[in-house]
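Reading through the structure tokens given below for one structure.
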Amino acid sequence: MSAILLSLILLVLDHRFHHLQHVRSTLAFLTYPLHYVADLPFTATTWLDETTRSRDSLIAQNRKLKDRNLHLLAELQKYEALQAENMRLRDLVDSSFKVGDRVLVAELSSVDLDPYKQQVIIKKGAASGAFEGQPVLDAHAVMGQVISVTPFSSTVLLITDTSHALPVQVLRNGLRTIAVGTGRIDELKLPYLPTNSDIAEGDLLVTSGLGGKFPPGYPVATVTRIDRSPDAPFSSVLAQPRAHLDRSREVLLVWTVPNQLPAAAVDELDPLETGGTVPEEQTGDEDTDMTPDPMTEASPEPGT
Amino acid sequence: MSGSGQGRLVILATFCVAMLLTILPMPEWARPFRPQWVTLVLIYWTIALPHRVGVGSGFVAGIILDALTGTLLGQHALGLSIVAFIAIQLHQRIRVFPFWQQSLGILVLLLIEHILAFWLTGVTRGITPGMAYWAVPPIGALLWPWVFVTLRKIRRHFKVS
């Protein structure tokens, strides 16, 4: 009886108040050996594969990677010029911020967790500087964030988990919204978009950085389906994550440079999205008389 | 309690193996069908040695399993405690059943744990798992005779009582 009561209390504490993070971290530390052993077969086969690879194939791979690296460096030059230009322009309007992020490559553990929760374990922990709430990317886009850390491993909650919500914006017009996980690995939903908001299939969603956890400007997902039913206040929008959530073997842990001036970024974006953001601005506009003119003029355009 | 130290080690080892089987990487299509290994092992020990393995062990195993698989702390603990409780109540009856009848009883126990987990995921995360979810307890029940025989061999070999 007391065991049942205790489990119920634990459930409520963990679900409602998140008081058990320390307990969970301690337990995760204790169960680390089990994770390690379960991952061993995979590590062993990878090791075997690497050590028995022939010299020729290694040389071929090396050559290919060098080629690729050259291409990427050439691309990077272009981006560096663009970044410098962007910073200069931002300096002009007095809202420059630092873009540089520090990253660390971490390998995924092949351990299987609860199949109905979208999370993975990575083989880098507090010893490497990982911390709770740290953003995690793969080579393509945002993957999720670290939710618990042990010295040598950490658990990453993917953006598709139902308990995960991510502040995003549409790259095309800066429209801000929130992407919520659906529990399916290939689907996100944007539940807070009014029916007349300016969004189209194929739009790229990037992080807006407003939550303060994720650095702004990283790709997240592509809009795949929009259902605008006239009787519903919000349209139902589905998006597909750009990150290879179920295929990546290596992920990037990101340390963002602090003080990214979210406030300045918001000011920056507002003129861009007068057409798009309807919910708060318009209801506010109906009360005041002076400010609304440009807004009300602008908003019907994208809607029609 | 003669030789209890060794016995405890053996029981712990079987639980560890069951937990390893729970998190061992499997192909994507097979993941939803993974049997409830820890529950099976727990049921065996509660039936075989009800004076040593009971609700408390179920609770501890459940908490560790929760930490291991990243579920809400207490989800498995609740299910396993209840299963251990019922198994202890019924242990004398289940012991004398033939295998197929035992499997039916085990199926009910596995279902109880599974339905509890189903209900908890629904309440806390709003997910309704697909049809594959309900294939798990029958798979566990089909595996029961092998689990039973294997664990009995281990128990007799190491003279755990």
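Listed values, structure above:
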{"quantity": "Count - residues of the stretch B:46-58 that are facing chain A (nearest Cβ under 9 Å) and either buried (at least 24 other Cβ atoms within 10 Å of the Cβ) or under 16 Å from B:R152 (Cα atoms) (or both)", "calculated": "1"}
{"quantity": "Residue list for the stretch B:31-45, restricted to those being within 25 Å of B:V149 (Cα to Cα), part of a helix (DSSP H, G or I) and within 13 Å of chain A (Cβ to nearest Cβ)", "calculated": "B:F33, B:W37, B:V38, B:L42"}
{"quantity": "In the stretch B:17-30, the residues that are within 7 Å of chain A (Cβ to nearest Cβ) and under 22 Å from A:L30 (Cβ atoms)", "calculated": "B:M19, B:L20, B:I23, B:L24, B:P25"}
{"quantity": "Top-ranked residue of the stretch B:115-145 - restricted to ones that are within 13 Å of B:R34 (Cβ to Cβ) and within 12 Å of chain A (Cβ to nearest Cβ), ranked as surrounded by the most Cβ atoms within 10 Å (Cβ to Cβ)", "calculated": "B:A117"}
{"quantity": "From the options B:I82, B:I112, B:I64, residue that is of a type in the set (V, I, T) and surrounded by fewer than 19 Cβ atoms within 10 Å (Cβ to Cβ)", "calculated": "B:I112"}
{"quantity": "Any hit, the stretch B:62-69, residues being free of Cβ contacts under 8 Å to residues at least 12 places away in the same chain and either over 14 Å from B:L151 (Cβ atoms) or within 14 Å of another protein chain (Cβ to nearest Cβ) (or both)", "calculated": "yes"}
{"quantity": "Single condition A:A44 does not satisfy, out of (1) at pLDDT 85 or above; (2) hydrophobic (A, V, I, L, M, F, W, C); (3) over 26 Å from B:F15 (Cβ atoms)", "calculated": "(3)"}
{"quantity": "Qualifying residue in the stretch B:75-98 (condition: closer than 20 Å to A:H35 by Cα, part of a helix (DSSP H, G or I) and small (G, A, S))", "calculated": "yes"}
{"quantity": "Residue among B:A87, B:A77 that alone is at the interface with another protein chain (Cβ under 8 Å from one of its Cβ atoms) and either buried (at least 22 other Cβ atoms within 10 Å of the Cβ) or more than 13 Å from the chain's Cα centre (by Cα) (or both)", "calculated": "B:A77"}
{"quantity": "Which numbered condition B:I112 misses (of (1) within 12 Å of chain A (Cβ to nearest Cβ); (2) part of a helix (DSSP H, G or I))", "calculated": "(1)"}
{"quantity": "The listed residue being within 14 Å of chain B (Cβ to nearest Cβ) and either loosely packed, with under 10 Cβ neighbours inside 10 Å or within 27 Å of the chain's Cα centre (by Cα) (or both), out of A:L40, A:L27", "calculated": "A:L27"}
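The values are calculated or read from the model by the stated rules, or taken from the named source; none is laboratory data. Given the structure is predicted, the values throughout are model-derived calculations rather than measurements. Backbone-built Cβ (ideal geometry, glycine too); neighbour counts: all protein chains shown.
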